[in-house]
Every structure is written in structure tokens, then in C-alpha cells.
1. By counting other Cβ atoms within 10 Å of each Cβ, how are ARG40, ARG45 ranked from fewest to most?
2. For the residue pair GLU51 and ARG33, what label-to-label distance in nm results when each label sits 7 Å from Cα along the Cα-to-beta-carbon direction?
Amino acid sequence: RGWVDRHNVTHAAVNDSLFVLKDKEPSVLADARMLLKTPRQCPIRQLSKGEYVHFGLKTGLIK
């Protein structure tokens, strides 16, 4: 994960790399979302004038 963040590697590039590696080693994860543990859902709160999504202060500061 650190390599992806440090070098601003796109998920598409990670997926392409994983595809090549998976051909040689079947146990390699198949998708960047699995490798980077991307959350599947984020809570959305309905407000009177729209929606509010909170991704977390710590997460935002680290990225």
C-alpha cells in the first residue's frame, strides 16, 4: 500500500500489475481495492439541502 501511495500509482496500473503477477502466482490478490482494503461503503447522511459524506479526518490527513 505504501508504494502505491508514495508513487501516486492509479488503481488501473495496480490492477494491470496484479493481473501479470497473478498469472505466475495464483495467490496474488486480483484487484487494487482488495490490496488497498478500500471500504465498500461509506455512510451517507441525508440533509435538508443535500447529502453529507464523512470519510474521516485521520484518513484525509494521512492521504
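Bear in mind these aren't lab numbers, they're just calculated from the coordinates by the rules spelled out. Keep in mind the model is a prediction, meaning the values are calculated, not measured. As a convention, Cβ positions derive from the backbone with ideal geometry for all residues, glycine included, and neighbour counts pool all protein chains shown.
1. Result, fewest neighbours first: ARG40, ARG45.
2. Rounded to a tenth, the inter-label distance reads 1.5 nm.
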